[in-house]
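Notes to accompany the following structure.
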């Protein structure tokens, strides 16, 4: 096919994207979606993912996901299933799951959803090898700002089929109190949530954070994150990008990336102007690191229970199959 039908949620309408961009610059806290805003940024992220993601470089990590996929397929008894890939990225993991479901004789519907049109199309292309085009419904959406996702998915092409919601590699980039209630609201009694969390390995949380720090503090990550500022008119000599480890919400720790200005810089977005003075910083990115115990504790606070979990041998990544907690 030379065309593709993609649904654009209002959270990614131009006026709302502009609103979010201005808010990012005013608050000095960048919405993560702006790191996937262009094809060039998407390509930089894919290069980073290829080089540093355990799922692409650790055979045991891929095996861990496959074990989780097999168990999810085993637990789903319905003849139809609607897989909703939230933050689908390139869709490689989703496609492996879709293949298992199709092989098990399920009629599969798939909604690849990402904040990036380019990413969503890449995931769609991958899924076409397994799922017929008529059953694929790409959705471009910003999870951070979309407030009506329950209504959106209630109008899905398979409203009565159970959902298997995947959320791979995304939870670390959201504040727990913001993303967990949104996920919980989407999980009905007949549905499943399958997600992964980056973990701090070992019994010593702080030592685990130090161990994974180089996965963020590297040239490819810097190149990817700086693209946002460079696209706005910041010059590389205006300051430096620094990575730190710091405490976050819900008893969690996170890796933080901030650009620190060492000289003044004016930026203009349409008729809005922003002054960054020497000594100021702007938060570009953060990534929470969980432990299995903190995953369960945080989910329980929003009515979700872990049915099964898998960890890589490195203990740096965990996959969790969840359902609504029984009352």
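Most mobile of 293, 175, 240 per a Gaussian network model of the chain (Cα springs, under 10 Å)?
293
Using only Cα atoms, tell me the angle between helix 176-186 and the longest principal axis of the chain; keep it within 0 to 90° and round to the nearest 10.
30
Cut-off 10 angstrom, C-alpha nodes, Gaussian network model of the chain. Which of 298, 231, 148 fluctuates the most?
Residue with maximal mean-square fluctuation among 298, 231, 148: 231.
Once both axes come from the Cα atoms, what is the angle between helix 92-103 and the longest principal axis of the chain, in degrees from 0 to 90, rounded to 10?
10
So how compact is segment 156-227: Cα radius of gyration and Dmax in angstrom?
16.7, 47
Can you tell me what share of the DSSP beta bridges in segment 98-254 is antiparallel? A percent to the nearest 5 is fine.
Antiparallel bridges make up about 20 percent of those DSSP assigns within segment 98-254.
Hey, what did the chain get for relative contact order, percent, Cα under 8 Å, at least 6 apart?
19
How many angstrom lie between the C-alpha centres of segment 264-295 and segment 160-180?
Between the Cα centres of segment 264-295 and segment 160-180 lies a distance of 23 Å.
Please identify, among 290, 192, 205, the residue showing maximal mean-square fluctuation in a Gaussian network model of the chain using a 10 angstrom Cα cutoff.
205
Using alpha carbon centroids, what distance separates segment 228-247 and segment 5-68, in Å?
If you average the Cα positions of each part, the centres end up 18 Å apart.
Which percent, to the nearest 5, of DSSP beta bridges fully inside the chain are antiparallel?
60
Read the figures in this text as sums done on the coordinates, not as results from a lab. Since we're looking at a predicted model, the values are computed, not measured.
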